[in-house]
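Beneath this line is the structure, given in structure tokens, with notes to follow.
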Amino acid sequence: MSLPKDNKDPISEPVKGLEGIVAADTTLSSVNGEKGILRYCGYNIDDLAFSSTFEETICLLYDNELPNQERLDEMTKKVGEARVLPDEVIKVITELVGKTSPMSTLRTVVSVLGHYEKNVPLKELAPKALRLVGQISTAVAIIHRLRENLPIIDADPTKGHSEDFLRMLHGKELQADATFDFERRRNRPVKYNRDVTRATLEAMKSLESIRARRGERFYTNRRRGVEDERRRSVKKELAQQVHLVQATKLLTSEHDVEKLSNTTLKVYATQATKKSLYE
């Protein structure tokens with residue numbers, strides 16, 4: 001017996017993908033996929049990749065701020081010591097490589113490393129996580145070299161993490177570029193501050209009106225200068241040709257022929273005198 005249509009519950013369409021699904025909330029990072037922006041603790045990931053070392057980025061994630069030299073040295077030492085794996089763990093890796101996939105080998109290695117750790121509360125897991133940062137890099141390098149039939153290279157805790165990892169992986173010492181190191185020190189990452197950004201955007205709104213007022217003031221002063229220069233030029237020319245202006249005034253106001261002739265002679269005489277002075 002079929003139920004009436006009115007009694008059937010509508011079947012909603014299943015949600016496809018993870019669009020609109022919040023996986024987790026975190027204060028460590030922010031992601032804006034549409035604009036291609038990724039930040040760690042307020043710092044743009046591009047700036048960190050160019051200007052910060054691996055250990056500095058770890059300190060940022062642990063402390064929510066970039067470290068001073070003392071804190072950086074402490075972090076470098078802890079991660080370096082963690083890269084040295086126990087002989088038993090290296091033996092496990094040697095036995096598993098070639099028999100399982102690299103990820104399965106690495107997962108087993110992490111489980112074996114747990115044997116060397118004490119059970120601690122969740123709030124005290126940070127030191128254990130820090131040790132895993134160093135341990136996994138060495139395990140990955142060993143797995144890679146055994147798969148390529150290459151000898152294992154022991155970790156050097158005195159080196160930086162990235163430098164030592166690449167050395168264990170490829171067997172080559174990292175050549176430091178002094179120019180790059182200088183650029184890294186000069187271009188320190190700038191932490192993103194929401195309040196500063198908001199204030200900057202508000203200030204940018206008034207820039208256009210300020211620019212317009214300054215432009216108007218500039219052109220006004222420029223026109224005033226041109227006008228003043230034109231007036232000075234006219235005055236100078238007038239001073240040089242004032243005798244012509246006076247002669248014209250006499251010619252237009254006097255109708256006596258005799259006086260007109262005398263004025264004309266006077267003008268000619270003045271011009272002749274000026275000519276003789278220049279010659």
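FYI, it's all coordinate maths here, none of it is from the lab. None of these values were measured; they are calculated from a predicted model. Virtual Cβ from ideal backbone geometry, glycine too; neighbours counted across all protein chains shown.
Odds and ends about this structure:
- The modelled label-to-label distance between TYR116 and ALA49, using points 7 Å beyond Cα along the C-beta direction, is 3.2 nm.
- Cross-link pairs LYS123/LYS159; LYS77/LYS159; LYS77/LYS128; LYS78/LYS128 - those with Cα-Cα distance over 18 Å: LYS123/LYS159
- Kirkwood-Stokes translational diffusion coefficient of region 73-192, alpha-carbon pairs, 20 °C, 1.002 mPa s, µm²/s: 135
- Dipole-positive endmost among SER104, GLN175, LEU85 within region 73-192 (Cβ charges, Cα centre): SER104
- Among 86-96, 48-58, 153-163, the order from most to least packed when residues are scored by Cβ within 10 Å on average: 48-58, 153-163, 86-96
- Rounded to the nearest 20, the Cβ-based charge dipole of region 97-162 about its Cα centre (Lys and Arg +1, Asp and Glu -1) stands at 160 debye.
- Legend: ranking of residues MET204, MET168 from fewest to most surrounding C-beta atoms inside 10 Å; resulting order MET204, MET168.
- Over region 72-126, equivalent-ellipsoid semi-axes from the Cα gyration tensor in Å: 25, 15, 10
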